[in-house]
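Each reported figure results from applying straightforward, stated rules to the coordinates on display, with no laboratory input. Since this is a predicted model, take the numbers as computed values, not measurements.
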Amino acid sequence: MRWKGRRISTNVEDRRGGGAKAGGISILGLIVAFIAWKFFGVDPQQAYQATQAVTSAQSSQGSAPQSLTGDQKEASDFVGTILADTEDTWTPIFQQLGMSYKPPRLVLFNGVVRSGCGTAQAAMGPFYCPTDQKVYIDTSFFKEMRQQMGISGEQNQTELSRQDQAGDFAQAYVIAHEVGHHIQNLLGISSQVQQARSQMSQTQGNQLSVRLELQADCFAGIWAHQNQQRTQFLEQGDIEEAMDAAQKIGDDYLQKRATGQVVPDSFTHGTSEQRMHWFQLGLKSGDINQCDTFK
C-alpha cells in the first residue's frame, strides 16, 4: 500500500511514552504535589490537579512525545496519514448529505488509557468512544494482527510494517472501521441502536450489534473506494490482505479457534463471510446508501 508522502492529520494524540503512570495517576504529578506541600505549604491536592491540567493540555496538542523511537514515529505517521485519508473521504460525502463532517481525534497509547468511556486496556483492541468522539489504538495491536495473519520473522519487531512489507492495508482497514463507528455516531445510527437494544433481549441486542459492526465494515470499504479514486494508493495484494483480516476477526472464526465451538447467538461483530461481504460491497460501490445493514 502506498501511503507515504500524503497529508498527515493533525487530529492525532500520541500518548505513548509520555511519562510513567501508575493506575492512571501521574507519578510526575505526585512528585510536584509533594514538593509544593513540603517546601511551599501548598495544598497537595490543588498542586496535583494543576499539574494534571497542564499534562492534559499538553497531550491534547497532538504532538508526539520526544522519546519516540523511529518505528513509533513511523507508526504515528502511518496512522495520521490514514486518518487524513478518512477525513478527505467523508468530508465531501457529508457535504452531499447536507451536513458538516467533524472528524474524530485518534489517540495512540501504550497498555492502558483513560477515555471518555472509561479506562481501557490494550487487550480490548482498537475502539471508538462516542462520548469523547475519539478512536483509541494501542499500536502493539498491529503487531499481534500481523502475527495472526501469518506474517512472522523480523517484520514482527516493528509496530507497523515498512512501506514494502505486507499487512499495512489490513491495518488501515481497522482504522477505517473504527472511523466508521464515528460516522454512525454523527448520523445518529449508534444512538438509535443503543435505544433499541435497551428494549430487547441479549440475543436480539447482539444481532443489532452485528449489524452495526457490519455497517462499519461497509463504511471502511467506502473509504478504500474513495481513497483509491483520489490517490491510487492500492497495490497488488492489498485487497486480499483486508479480506484475510476480515476473515480472521469474524465471530465464528474467533470462537472456533478459541473453544472449538461456534455460538451464533453470542455473535457481536458478524461472521467472517458477513464481514468480508460488507467490506467488499462498500469497496465496489463507494456509496453510503449501499451500507444499510439494518434492512
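Our estimate of slack between GLN204 and LYS284, defined as 0.36 nm per intervening residue step minus the Cα-Cα distance, is 25.8 nm. One chain, two ends: VAL262 and ILE8. Fully extended at 0.36 nm per residue, the span grows by 87.3 nm beyond their Cα-Cα distance.
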